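Just so it is clear, none of the values below were taken in a lab; they were calculated from the coordinates. Treat the numbers as computed from the prediction; the structure is a model and nothing was measured. Here Cβ is always computed from backbone atoms with ideal geometry, including for glycine, and neighbour counts include all displayed protein chains.
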Amino acid sequence: MSEPESFALLNDYSITVPPRHAVVHSAAEAVTAAETIGYPCVAKILSPDITHKSDAGGVQTGIHTPEELRASIATIQKNIHERAPDAAITGFVIEEQAPPGLELYIGGKRDPAFGPVVTFGTGGTLVELEHDITMRVAPPVSKEEAAGMVRSIRHYPQLAGYRGTASLDEAALSDAIQQVSALFTNRPEVAELDINPPLVLYTDGLCAVDARVLIRPPAAAPALSRPPPLPENLFFGSRIALVGASANPPKKIGYIVLRNLLTFSGTVYPVNPKGGTIFGKTVYPSLADVPPEQPDAVIVTVPNTVVPQVMRDAGVRGIPLAIIITSGFRETDREGGALLEQEVEAIAQEYDIRYTGPPNCLGLQVPPRLSLNATFDPPKSPRIGHTAFISQSGAIITTLVDWSLSRDIGFSAVFSVGNQTNIDFVDYIRFAAADAYTRTIVLYIEEIRDGRRFFEEAAKVTPPKKPVIAIKAGRSAVGGQQAAASHTGSLAGSYEVYEAAFQQAGIIMAHNLSDAFSLAMLLGSEGYPQGNRAVVISIAGGFCVLASDYAEQHGIQMAPPLSDALLAEMNAFMLPGWSRQNPPIDMVGDAGVHRFALTFDALIRHQEEWDIAFVVSVPTATIDPPVHLATEMARFSRHTDKMVVGCMIGGGESMTAGVRVLREAGIPNFEELEDAFRAAGAAVRREEELKKHL
Ligand code: ACO
């Protein structure tokens, strides 16, 4: 849209634009127009080929006289000639110069996964450099949400009245954000919108002095006819057929899967036309030959061309779930492979089969209840635990399960989502949300197709039910977004939109697998902290200093000074001259387990003074063996509903038994002090972000 058209659109949505403006085609016309518009005025290039007018030298401000206006038009022409020689000049916009105010920015775009996204932040020519923006996906943005967006930017104090300046018109700003949100809802042809540079905010009202609107024919609504929700017990079957079972060790996938299935508490039916026995189990020539009890699931490890037939056989037997490990579909062959994939989908629809993969499906593992490892992972199945891990990468599953074994990390379920044609993230999240064994959900995501559905479903799980932690791959793709035509295009790249959507849905974003599982461990055992006041209890001065640094870095507040009553109790058993200034509580190097225990008792009696306790211990003779301290920490945790975080640092031999006691007591332990603060900080921030968005 040209600028006058953009202004007209904003006008329709009650967003104030410079009331006096005109399109002219020469310096003479500009001077005539300025007689009505008045001085000071602004002259801008009008060209369909120039997106960033200022960058091209196409904007002149502070014009006070007809002579200056003529000179400005000449300067613009010269600049465009030099900087954008191929750009067509269709005219100039002359508009009254808005009085100075706070320069802000409102924008929006349609994201391929999440649909409309509304952005707001500090504006002006340095908008990308400042990068002080906030976003909401899936408008309409409510009044409260718009007000929350306004309050959440770094420069908000400037709006609220900074160092004696008057507070600005927040209500007008919230209204404008809501109007932009409505515009995106009502006008599907609007692909991107930038009100920058800038949207100027005053003590009373605002003015959009520039606007850029990109129009694109609306994309046809994707035909996402989703199958109905998964049957509740789909993953809890007691009879599994493996088609493509192989007696050929050691590398055949059909052999490895069968070997992993040996732990399954139910019945396994190997299927292979050769018949015979494998691992002492009868092998059936086809699915039709499997005993009359209907299998609950079929795992498929035959070559791609055989998969449609296996699916048909499964349909005839009424098998409701297929786990297709086979590759070689659309991902390797856009023609033949894609056709095979369509065939599989059509058969699944015909027979009402839900399936994972193909391609990229490693299978699934449900350790509790079923001892089920239906993957070709290395033989060691994951430990039983309370985290459901749902991953778009099979390789990350194999690596992570291996990594988790030495760390005593356990899983309630591990799902490889494959390419999500049929069963997708939402299905698995719903399953994990309902599963009694699952306390936390960790996602590894590369791409979500129907972002809105994902976002809405995840939001139902996170705040009231179970913490969801996500690692989103593809951050580096943001580099590619920088070349986007609009500010919104570059600021709201795909990764940032995911970040915003996750934040809105209450999903915590982790930047690596280790952080994700630390957080899962913390939230799975302790739940969300009730507040952000922390106490640190330690005998190690060095770690006390580090703890203070990490607390500040990760947004944890050390509790305000402890009350006189609590200090008086602690004076009774601390050495004279102990560091009475909390934070942290340094009990000095000679403190044994007994002094820790007395401190815990005092903190239990005064638990209204704190929300999170970090207990920091190092390998030292005074608390040898550390298992005694761990037992006291378990008692401490039992007697408080506040978050207790174990930091038995070092990870050496001497700590192992202590860490096990903590784990059995459901207390997370961090061998790296900073990891503990990072995890607790993420949990605290999630609560604060959710409040901010309301
Ligand atoms: N019914 C039952 N069994 C059959 C049938 C049938 N209709 N047809 C063939 N078979 C048997 C074969 O006889 C063979 O058994 P055998 O070893 O006794 O001869 C077995 O099924 C497998 O068939 P092969 O032709 O030997 O195929 P192979 O094992 O070499 O490959 C596989 C099959 C593994 C499915 C392969 O096609 C494939 O897709 N590999 C990639 C798998 C993958 O990487 N998946 C993604 C994982 S996610 C991640 O990123 C880690």
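One table, with the values for the structure above:
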{"item": "For the range 546-552, 3J(HN,Hα) per residue [Karplus equation, 6.51 cos²θ - 1.76 cosθ + 1.60, θ = phi - 60°, Hz, x = Gly/Pro]", "result": "4, 4, 5, 5, 5, 4, 4"}
{"item": "In Hz, Karplus ³J(HN,Hα) per residue of the range 114-119 (6.51, -1.76, 1.60; θ = phi - 60°; x = Gly, Pro)", "result": "9, x, x, 10, 10, 10"}
{"item": "Label zone at Asn233 (point 7 Å along Cα-to-Cβ), backbone N below 14 Å, the range 369-394", "result": "370"}
{"item": "Segment Asp641-Lys143, extension gain: residue separation times 0.36 nm, minus the distance between their alpha carbons", "result": "175.7 nm"}
{"item": "Added length on full extension, which subtracts the Cα-Cα distance from 0.36 nm per residue, Thr65 to Lys460", "result": "136.2 nm"}
{"item": "Unit charges on C-beta of K, R, D, E only; dipole of the range 528-692, Debye", "result": "320 debye"}
{"item": "Estimated FRET transfer efficiency (Glu664, Phe573; beta-carbon r; R0 22 Å; 0.05)", "result": "0.20"}
{"item": "Residue exposure sequence - Arg439, Arg163, Arg317, Arg20 - by fewest surrounding Cβ within 10 Å", "result": "Arg163, Arg20, Arg317, Arg439"}
{"item": "0 to 90° range, to nearest 10: angle between helix 673-693 axis and the chain longest Cα axis", "result": "50 degrees"}
{"item": "Summed residue charge, Cβ within 14 Å of Gly266's Cβ, Lys/Arg positive, Asp/Glu negative", "result": "+1"}
{"item": "Paramagnetic label zone (point 7 Å from Cα along Cα-to-C-beta, Arg475; backbone N under 18 Å) in the range 537-581", "result": "553-555"}
{"item": "Cβ crowding within 10 Å averaged over residues, with 334-347, 409-422 ranked highest first", "result": "409-422, 334-347"}
{"item": "Cβ-placed point charges (K, R +1; D, E -1), dipole of the chain about Cα centre in debye, nearest 20", "result": "2040 debye"}
{"item": "Three-way shape call for the chain based on the alpha-carbon gyration tensor, with the a/c threshold at 1.5", "result": "oblate"}
{"item": "Rough spin-label spacing in nm, given labels placed 7 Å along Cα→Cβ, for Ser54 and Gln557", "result": "3.7 nm"}
{"item": "With Cα atoms, 0 to 90° folded angle of helix 170-186 axis to the chain main axis", "result": "70 degrees"}
{"item": "Pairwise label distance in nanometres, Ala74 with Ala160, each label 7 Å out on the Cα-Cβ vector", "result": "5.1 nm"}
{"item": "Order of Ser174, Ser406 - criterion: other Cβ atoms within 10 Å of each residue's Cβ, fewest first", "result": "Ser406, Ser174"}
{"item": "Cα-centre dipole for the range 248-359 with unit charges at Cβ (Lys and Arg positive, Asp and Glu negative), debye to 20", "result": "560 debye"}
{"item": "5 angstrom amide H check on Tyr355, placed H, neighbours 5+ away", "result": "Ala322, Ile423"}
{"item": "Spacing of the two label points (7 Å from each Cα toward its C-beta) at Thr620 and Thr125, in nm", "result": "5.8 nm"}
{"item": "Placed amide H near Asp111: partners under 5 Å, 5+ positions off or other chain", "result": "Val117"}
{"item": "Potential lengthening between Thr305 and Ala247 on full extension [0.36 nm per residue; Cα-Cα distance subtracted]", "result": "18.8 nm"}
{"item": "Tilt relative to the chain, helix 394-406 - C-alpha long axis, 0 to 90 degrees, to 10", "result": "60 degrees"}
{"item": "Estimated [θ] at 222 nm from DSSP helical runs (n ≥ 4, -39500 (n - 2.57)) normalised by residues in the chain, nearest 500", "result": "-11500 deg cm²/dmol"}
{"item": "Order of Trp578, Trp403, Trp610 under a 10 Å beta carbon neighbour criterion, fewest first", "result": "Trp403, Trp578, Trp610"}
{"item": "Dipole axis of the chain (+1 Lys, Arg; -1 Asp, Glu on Cβ), positive-most option in Val93, Ile37, Ala682", "result": "Ala682"}
{"item": "Cβ-Cβ FRET estimate between Leu262 and Glu293, R0 fixed at 30 Å, reported to 0.05", "result": "0.90"}
